[in-house]
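Here the structure comes first, spelled out in structure tokens, and everything after it is commentary.
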Amino acid sequence: MSLGILFLILALLMLVGTPIAAALGISSLLYLAAGHSLPLLTVIKTMAEGLDSFTLLAIPFFILAGGIMNESGMTTRIYKFARAIVGYLPGGLGHVNVLTSIIFAGMSGSAIADAGGIGSMQAKAMMENGFDEEFSIGITASSSLIGPIIPPSIPMLVYAVIASTSVAKLFAAGIIPGLIMGVALMIMVHFISKKRNYPRDLHFSFRLIGKTALEAFWGLLAPVILLGGILMGIVTPTEGAVLAIVYSLFIGVFVYRVFLGRRS
């Protein structure tokens, strides 16, 4: 079986509504079984063993941690803190969008978690404050891509398993490029905002920064604990992901009291 037939089968399966994961598995299974004359049981066994990885368990845990942080109110407080820091700049909410994504990237490692969680709130706020829809959605989508670059990063975890390389070293290598991406996006937001006369958000205030920093303290502490533990070798990425879940649940229940029906 040629690669062309493999992609044709994959496309047909997706067109009839087959879930992407199942379509990838079925088409790959047929390709390996038919094209390489491998015993079917051997192919299935190899595919199952490929998923049997302790490191890959971190992926659903990081996604779950990001969801809990969104629901617990951590991300909302981080958003207010970002508004206080950069909201006074031209196109303030655009800068807030980028800065919030940089901070949230250190907790979730997923572009989807960023865009689908706090990203939707940010895009709506921008459009309500005079930003064009295209610009609002575009900067939200672009800033969410910082998530897979700044650690913890889900794509880096997958690459580390496939290439048998150090997850901690990959994470350490992603910090600077992620920050450069954020700075570049903020420079772009500045020039576009000046050209289109987008509004500033808030007046600069040390008092407001201090107030929002205290409110967002527990959320800002999350990436420090998570990344510090992984980069210092105290916990593995999978253990760090579980730690992020436990931490966000603890903050949501006992500090912010969101999951108890009472908000602090």
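For Leu179, state whether it is at pLDDT 90 or above, of a type in the set (A, V, I, L, M, F, W, C) and surrounded by fewer than 20 Cβ atoms within 10 Å (Cβ to Cβ). Criteria met by Leu179. For the range 169-183, check the following and say yes or no: at least one residue is over 18 Å from the mean Cα position of the chain (by Cα) and over 30 Å from Glu128 (Cβ atoms). Checked against the condition, which is being over 18 Å from the mean Cα position of the chain (by Cα) and over 30 Å from Glu128 (Cβ atoms), the range 169-183 yields at least one hit. Of Leu208, Leu220, Leu202, Leu226, all but one fail to be surrounded by 15 or more Cβ atoms within 10 Å (Cβ to Cβ), under 17 Å from Val86 (Cα atoms), under 25 Å from the mean Cα position of the chain (by Cα) and of a type outside the set (Lys, Arg); the exception is Leu220. Close Cβ contacts (under 7 Å, 6 or more residues apart or on different chains) running from residues in the range 165-184 that are under 12 Å from Ala105 (Cα atoms) to residues that are assigned to a helix (DSSP H, G or I) and among the small types (Gly, Ala, Ser) comprise Gly178/Ala105. Which residues, taken from the range 62-111, are among the β-branched types (Val, Ile, Thr) and farther than 27 Å from Val242 by Cα? Scanning the range 62-111 gives Ile85, Val86, Val96. Taken over the range 116-167, the residue count meeting the criterion of being touching an Asp or Glu at 6+ places or on another chain (Cβ under 9 Å) and among the aromatic types (Phe, Trp, Tyr) is 0. Pairing each residue of the range 135-154 that is without any contact (Cβ under 8 Å) to a residue 60 or more places away in the chain with any residue that is in a loop (DSSP other than H, G, I, E, B) and crowded, with 24+ Cβ neighbours inside 10 Å, provided the two are 6+ apart or on different chains, yields C-beta distances under 6 Å for Gly147/Ser110; Ser153/Gly109. Only a single criterion out of (1) surrounded by fewer than 21 Cβ atoms within 10 Å (Cβ to Cβ); (2) at negative phi; (3) modelled with pLDDT of 90 or more is not satisfied by Ala168, namely (3).
The values are calculated or read from the model by the stated rules, or taken from the named source; none is laboratory data. In this text, all values refer to a predicted model and were calculated from it rather than measured experimentally. No Cβ is skipped: glycine too gets one built from the backbone with ideal geometry, and neighbour counts run over all protein chains shown.
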